Every structure is written in structure tokens, then in C-alpha cells.
Amino acid sequence: MNQEIFIQDKVKNALEALYGASGVNVPLQLQATRKEFEGDITLVVFPLLKTSRKAPEATAQEIGEWLKANVPEVENFNVVKGFLNIKFSASFWKEVYASIAADKDFGRLPASGKTVMVEYSSPNTNKPLHLGHIRNILLGWSVSRLLEENGHKVIRTNIVNDRGIHICKSMIAWKKAGNGVTPESSGKKGDHLVGDFYVKFNDLYKAEVAELEAKGMSKEEAEEKAPILQEARQMLVKWEQGDKETVDLWKMMNSWVYAGFDETYKALGVSFDRIYYESQTYLHGKSLVEDGLRKGVFERMEDGSVWCDLTADGLDRKLVLRKDGTSVYITQDLGTAVERFTEYNLDEHVYVVGNEQNYHFQVLKLILKKLGFAWADHIYHLSYGMVELPEGKMKSREGTVVDADDLLEKMYNTAKETSLELGKLADMSVQEQDELFRTLSLGALKYFIIKVDPKKTMLFNPKESIDFNGNTGPFIQYTHARIRSILRKAAEAGYVPSVPEDVDFNEKEISIIKLLNLYPQKVAEAGAALSPALIANYAYDLAKEFNQYYHDVSILKEENRSLRDARLSLIATIASVLVKAMDILGIRLPERM
């Protein structure tokens, strides 16, 4: 039951009874009562003064008295200047609870009719996924789930950046120093093997630059003229021209990387509805550039490069085709966006991409609008902060990133060590223990990353994330396992969770019901803000409330059967809402720990 809708109708009845107003066009402004005042919902009476023709305090007092006398669900009220604070009765909250407990889809909002695409992951095929990708992937997955809970049809998509100069760097290094090595011959995961050659290219490049500098070149000239960089550039041109040897090498090394990515995605528990490849979309982007040249949106320079002048819009000039005819990132993004909106008739498109690309998405939207695509206004860049470590930032080309697979293994080992220290798993099989450790490690990782507002830069500490106390995934997982343990014991004793008519909830139980009742509102707020962090922190608040309640009251040992069964029903509902909330974050809650 929505208390705001409920009280709106009753206030309109009061206005009609007190002042003869029909209530149809009378503006009602309601808000949650501030914590320092007693009440559940507050009516702001200032907009009603034209109707009442009385002072704010007098208007609030009269409406409050009418509600208390005529609406059994209103237990009391108080007036603070022009604000009427209304407190609902225990019977009202009992009715609210009954509707929550009976609603299997509690928290899921009605179908909106909107189709929203969410792009996340978007890796390059020159290196394995790392901690930065993990934040992107987990945000993308949870935002997708959040939008689904808000009633939207969601299409999860990934664009694989499988072409470009960075890909050619790994290919050149493999040709020069690989000696025909493969994932099979090396025993290495394919994305790791290719990533090693990206780092190797950087080493070879630095050595050549140093050698050229020693021969008298300036650093800038040496960096530009290093032979290995020239080879990489020539390889990119050959690839775009369809040179068979180059394309065959590209296909082979990319296939290694795709297999590696799939393993990591599976381990993280994420997937995609559609995967796009830059190698397939960049040509559409190039055709858009030709169209834009005809329309005067772009300009071709004397050296053959093509630019878009955005200075009149407060931005800069943007390169869309290099002088050798090869495309850049913005080129394929233009083509991909048009393909997606055309194919799926999207209402909105959310790009989950780090905040270092803020300018890129400003440019993308503006160029699309100049090309005549009105839907460009429905592109949203979910700009998130970087993930940093206690030792500082990560750099892919120097090989100083935190590898996603290594991190998952480290999280698993930490979860295993922490769980075994508690000494409560003796009766679990090795297979059950393994499943639990994986569930806990993923819960810790996902929650630690998602609980931070997406826009903020975050510091990641694996050990801290596994803590079974505080604002962590394992704390919420442990809370759920504790509730399930109580309910199993209740079932063994023949107790049936229910809320008999003769039971009245106490103040602590009512406060929990109020918190449960906030869940749909939190889903809506988080969906509007594209911030799963709001759901993560709501789940933590609910878990905290349960643990305090469990500490304060007797559940299984309660002698009053009706009260015992009502409390069992209440904690079962807490467990259910925790499962719903954490599912949005992609986190499973174990039955036992």
C-alpha cells in the first residue's frame, strides 16, 4: 500500500468537508516527515491557504483534527508552522505489511513500454580484462537489472574494440618476438598471452626510441619515427585494405582473446544480449562521414584527413578520418549508434564508460545531431570514476594493472580463508564449501564496487571487502543465511510464518515495515539516477535493522504462538526483499554459511 496515495484521498475528503473544495484541482504537497519530528508523512499546507482562507497553523490544525476523527488509520498528528505531520496507526502498518508479504513482484515497477540499451565492458582485444573493466562490467550489469525492475525492456550490449593501432601493436610484437607461441603451447589464457605482447611492444618501442635518441634525435622525433611504430601504422592500413596475411593473423589472435574474455564473463556471472565488433561497424561510420561531407557537417583537409569543426558549439575540432583514410574511435561510435537505434527502435541508450571519455560523448551526441539524428538527445553517458589501489593508478601498457582473473582468484582465496577461520563449515561437503566461497567472493567484490556512487573515484581493498561486519556483501549474505537458519528451525518445529488477526506489531517491527515499504521507492530513485549504489546501501540498512531486531526480541522462543508466527513472517519478508535487492547487484545470497 502506498501511504502517499492513501493520505491524498483522505486529505481531499477533509478539504471538501472543511472548506467545500472538490479536491480535484487542489495541489497537495506531501513528503516524508523529517526525523526530528514525530510522524510518517507530512502535508505542506501553504498551497492550501487559498482554499482554507486561514493561517497556515490553523489550516494544518483543522485538517489534522478532521483526519484523526474520521480516518481510523491516522493515529495522531502535530503541527509545525505550515507543516502537518501525520502519524499512521499500527493497524495501518499491519495492513501495509500484509500487502508487501502477499506481493510476489514487490518492488518491481509496472511495464513502462520503453526499450533501453545498456552498453558495458567494451574491451580492447590487445589485453585481458582488469579491475577497471570489472567496475564497468558490474555497473553495466546492475544498471541493466535496475532498469528492468523499473519496468523497461533492456538490451545488454558490448562493443568489442577489435581493430585499430593498439591491436596492431600486439600483432607486431607477436610477429617479432612470439616464435609462434599459442595459448595451447604456452598454457596461458588467450587474452593474457596477447596482453603480454602489448606490453612487449611497449618495451621494444622504448628501446628503439632510446637508440634513436642516442643517435642525436630529439625525444619527440624519436617517438614519432621509431621503426616498430611505423610498422604498426602500416599494418593498420594493410588491415583496412584487406591484406590476407594481416587479416589472418588478426583473426587468430582475436579468437584467443574472445575465448579468454568469455571465461572471465562467466566467472563474473554476466552476459550480453548482443555483441558488436568495431571491425564490423567502422565501415558504417565511414559512410556516415561521406554523408556528412556532402551535407557540409565535415570538412576534408589538404592532407586528406576529415574533421568536424565544433568550435562554434564551445568544443574543439574533431578528427573523424585520418589522412591515410583509416578511422578513429568516434567514427565507429557514430556507425554503431545509428545501427543500434535503427535496429531496435531504442527509446534510450546508456553508455557505461569511464569519466575520462566525458568529452568524447559530448562530441558523439553533437555530431549525431548535426547529421540529423534527433534521437541523439536520448543518449546518456553513465560516467563513472576510476578504480584506484592503495599503491596508485594502473597502466596497461606498462603491465601494472590488476588482472581481473587474478583478482577473482585472490577474492576466492580470501573468502575461503575468512570462512574457514569461523569454523562453521564442518558439516558441508567440499563441493558445497567451494560453491560458498565463490558466492562470498563474488558478493564481496560486487558489493564493494557497486556500493560506491558511480560518479566517484573509488579505492579498492580486497581484504576489506570480505569483512563479515560492516557495510559489505558478506555481512548481508550472512544476515540472509541467519534468517534462513531460523526459518529452517521453525519449519522443523512445525511453526508456520503468518500474521494472525490478533497480533499487533511493536514499534521496532513497525519501523522495519516502514523500511520494507520504502523498497519500491528506492528502486525508482536508483533507476532515475542510474545508481545501483542506492540499492546496495538500502540492503545494508535493512540487514542492520534485522540484526538489531534479532538481538532485541525473541523469535523461536516466543511463547505467544501468534506473535512468534508473525515474527517469522516478518523476517521471511526481510529475507525476500534482501534477495530482490541483491539480485539487482548480481549477488546471490546463500542459504547457509
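The values are calculated or read from the model by the stated rules, or taken from the named source; none is laboratory data. Because the structure is predicted, anything quoted here is derived from the model rather than measured. Counting neighbours? That spans all protein chains shown, and the Cβs are built from the backbone with ideal geometry, glycine included. The protein model used for the area step is the full one, side chains on, heavy atoms only, and it has no ligands, DNA or RNA in it. Shrake-Rupley method; radii C 1.70, N 1.55, O 1.52, S 1.80 Å.
Is it the case, given these coordinates, that Ala21 is out of contact with any Cys (no Cβ under 9 Å at 6 or more places or on another chain), surrounded by 15 or more Cβ atoms within 10 Å (Cβ to Cβ) and part of a loop (DSSP other than H, G, I, E, B)? Show your work before the answer.
Values: out of contact with any Cys (no Cβ under 9 Å at 6 or more places or on another chain): yes; surrounded by 15 or more Cβ atoms within 10 Å (Cβ to Cβ): yes; part of a loop (DSSP other than H, G, I, E, B): yes.
When the stated conditions are applied, Ala21 passes them.
Pick from Lys323, Lys318: which is modelled with pLDDT of 95 or more and within 23 Å of Arg294 (Cβ to Cβ)? Walk me through how you get there before you give the answer.
On the way: Lys323 fails: modelled with pLDDT of 95 or more.
Testing whether each residue is modelled with pLDDT of 95 or more and within 23 Å of Arg294 (Cβ to Cβ) leaves just Lys318.
Considering every residue within region 334-341, establish whether at least one is surrounded by fewer than 17 Cβ atoms within 10 Å (Cβ to Cβ) and in a loop (DSSP other than H, G, I, E, B). Write out each step before concluding.
Restricting attention to region 334-341, the residues satisfying the condition of being surrounded by fewer than 17 Cβ atoms within 10 Å (Cβ to Cβ) are 339.
From what's left, in a loop (DSSP other than H, G, I, E, B): none.
Among the residues of region 334-341, not one is surrounded by fewer than 17 Cβ atoms within 10 Å (Cβ to Cβ) and in a loop (DSSP other than H, G, I, E, B), which makes the answer no.
Check region 482-491 and report whether any residue there is open to solvent by less than 60 Å² (accessible area, probe 1.4 Å), part of a loop (DSSP other than H, G, I, E, B) and under 16 Å from Val553 (Cβ atoms).
Looking only at region 482-491, we keep the residues that are open to solvent by less than 60 Å² (accessible area, probe 1.4 Å), and these are 483, 485-487, 490.
Restricting the remaining residues to those that are part of a loop (DSSP other than H, G, I, E, B) gives none.
No: zero hits.
Quick one: what pairs do we get from region 559-581, first residue crowded, with 20+ Cβ neighbours inside 10 Å, second basic (Lys, Arg) and in a loop (DSSP other than H, G, I, E, B), C-beta under 9 Å, 6+ apart or different chains?
Pairs found: Arg564/Lys557.
For region 114-153, name all the residues that are without any contact (Cβ under 8 Å) to a residue 60 or more places away in the chain and either closer than 17 Å to Ala533 by Cα or among the hydrophobic types (A, V, I, L, M, F, W, C) (or both).
Within region 114-153, Ser144, Glu148 qualify.
Given the residues Ala32, Ala58, which is the only one that is more than 28 Å from Val96 (Cα to Cα) and without any contact (Cβ under 8 Å) to a residue 60 or more places away in the chain?
Working: Ala32 fails: more than 28 Å from Val96 (Cα to Cα).
Sole residue among the options that is more than 28 Å from Val96 (Cα to Cα) and without any contact (Cβ under 8 Å) to a residue 60 or more places away in the chain: Ala58.
Can you name the number of the only condition in (1) surrounded by fewer than 20 Cβ atoms within 10 Å (Cβ to Cβ); (2) without any contact (Cβ under 8 Å) to a residue 60 or more places away in the chain; (3) charged (D, E, K, R); (4) within 21 Å of Gly494 (Cα to Cα) that Arg592 fails?
(2)
Does region 134-170 hold any residues that are closer than 18 Å to Asp403 by Cβ and either open to solvent by 20 Å² or more (accessible area, probe 1.4 Å) or of a type in the set (Gly, Ala, Ser) (or both), and which are they?
Our first condition is that a residue be closer than 18 Å to Asp403 by Cβ; within region 134-170, this holds for 134-138, 166, 170.
Selection gives His166, Ser170.
Which ones in region 32-59 are surrounded by 16 or more Cβ atoms within 10 Å (Cβ to Cβ), of a type outside the set (Asp, Glu) and in contact with a helix residue (DSSP H, G or I) (Cβ under 7 Å, 6 or more places away or on another chain)?
Taking region 32-59 as the starting set, the residues that turn out to be surrounded by 16 or more Cβ atoms within 10 Å (Cβ to Cβ) are 33, 39-45, 48, 51-52, 54, 56, 59.
Right, trim to of a type outside the set (Asp, Glu) and you get 33, 39, 41-45, 48, 51-52, 54, 56, 59.
Within region 32-59, Ile41, Leu43, Val45, Leu48, Thr51, Ser52, Pro56, Thr59 qualify.
For the subset of region 133-161 comprising residues that are hydroxyl-bearing (Ser, Thr, Tyr) and not in a strand (DSSP E or B), which member is farthest from the chain's Cα centre (by Cα)?
Ser144
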